[in-house]
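Right, one structure below, let's go through it.
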Amino acid sequence: MVNESIVRAFGLEPGAFEVKKFGSGHINNTFLLSGEKGQYILQKINTYVFREPEVIARNQRLAADYLATRHPGYLFINPIPTVNGEELYVHEGEYWRMIPFIPDSTSVDQADTPKQAYEAARQFGKMARLLHGIDLHGFRATIPNFHNLTLRYSAFQEAIRQAKEDRKQFAEELIERFLRHSDIAVTFETLKTNPAFSDRLMHHDTKINNVLLNKHTFEGICVCDLDTLMPGKIISDLGDMVRTYVSPVSEEERDFSRIEVRDEYFEALMKGYLSEVGSTLSDAERAHLFYAGKFMIYMQGIRFLTDYLNGDVYYPIKYPEHNYNRAMNQLTLLERLIEKEDKLQQVIDACLKN
Ligand code: ADP
Ligand code: GN1
Ligand code: MG
């Protein structure tokens, strides 16, 4: 499963560890190494997605250096260097890195209690707050235009034009329904260039399983999966939490009637996030906190549908209509969220007052 020379490159004896596939992400390959000398996470970086893995390593190093001087007590997961002192090990053209396994930690794939949503959001908020004000000059995008909705929207339109006829016909109604919400992309256009909506260092993948929780108390320990740590907008991190914490079922659910927006989870994540970053927000950012959820759900929905129309080249699928169903799932979630806008905006307003 993992070539022994890779484990050795990080100074560990392969025979002393049991290696297991770990985690449920779409992009990288993650392994857990367990042995008497401790536990480690070993990951193969997907270089189709991350074209320049060195950019990931540099962004993390810059953030780590800043945090180590400004906030030395903060737990930021640093990679374990190879025996040659490198952050990445290249084996037959593939990039590997190792990180320490945080003891007594666990993660959940789905928010099962509002407290979990609160704890996770607080961890993402804490990192955003501590990194607020860092000089962004040395940072680069690990995936260029990752959350650029304007370009995602163009890619969607291009996919509609290029799609094979059978897929286009099958998805016709769903395409129409997504196009009806194109105002979400238009709003993004105005935010992109608004100086009061400036870039921050964002995580860009704030799913709940990217937070490590204490396995006994379920209190937040720290965030993980830092591959997409790069300059971006507050709506990315906040929005992806709304996208992935509020519904009782995940983006994989095919019984769309089970998708709903649970007010208490929405409130818990807003409270958790704003308790940390609230004081750093500009007026323009404060005015777009509800928009964040719409932005991320819409973008993820059109990314899934684009991939369906392109013939499933990005997201791994388990059956032919998988990406179509994921897109339908996200559209349903978007509609459920928009129905509750007035009520949820009141929740946000109350959190901002505290
Ligand atoms: P992926 O790209 O597969 O999502 P992650 O970096 O999120 O990769 O790792 C997958 C899972 O492994 C996470 O959801 C988390 O449960 C666990 N994990 C990652 N890093 C650590 C760590 N340093 N300590 C403990 N568990 C970790
Ligand atoms: C991918 O690797 P994973 O599963 O955490 C994707 C995210 C999507 C997510 C949808 C680099 O994340 O943007 O939100 O799938 N990551 C990349 O499940 O494209
Ligand atoms: Mg992950």
As straight-line cross-link partners of Lys192, the qualifying aspartates and glutamates (C-alpha separation under 16 Å, not fewer than 8 residues apart within one chain) are Asp183, Asp237, Asp283, Glu285
Got the relative contact order for the chain handy, in percent, Cα pairs under 8 Å and 6 or more residues apart?
19
Cα-derived Rg over Rh, computed across the chain with Rh taken as Kirkwood radius
0.96
Please give the helix 263-277 orientation as an angle from the longest Cα principal axis of the chain, in degrees from 0 to 90, rounded to the nearest 10.
60
Quick one: if you stick a label point 7 Å off each Cα along the C-beta vector at Gln162 and Glu176, how many nm between them?
2.6
Between the helical axis of 289-309 and the dominant principal axis of the chain, each derived from Cα atoms, what acute angle in degrees is found, rounded to the nearest 10?
80
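Taking a threshold of 24 Å on the Cα-Cα distance, which of the pairs Lys20/Lys318; Lys44/Lys164; Lys126/Lys340; Lys21/Lys207 fall above it?
Lys44/Lys164; Lys126/Lys340
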Listed residues Asp237, Asp199, Asp183, most fluctuating in the chain (Gaussian network, C-alpha, under 10 Å):
Asp183
Given R₀ = 35 Å, what would the calculated FRET efficiency be for Ala16 paired with Cys222, taking r from the Cβ atoms and rounding to 0.05?
0.85
Just to confirm the number: angle between the C-alpha axis of helix 234-245 and the first principal axis of the chain, 0 to 90 degrees, nearest 10?
90
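Bear in mind these aren't lab numbers, they're just calculated from the coordinates by the rules spelled out. Everything numeric in this text was worked out from a predicted model, so none of it was measured. Virtual Cβ from ideal backbone geometry, glycine too; neighbours counted across all protein chains shown.
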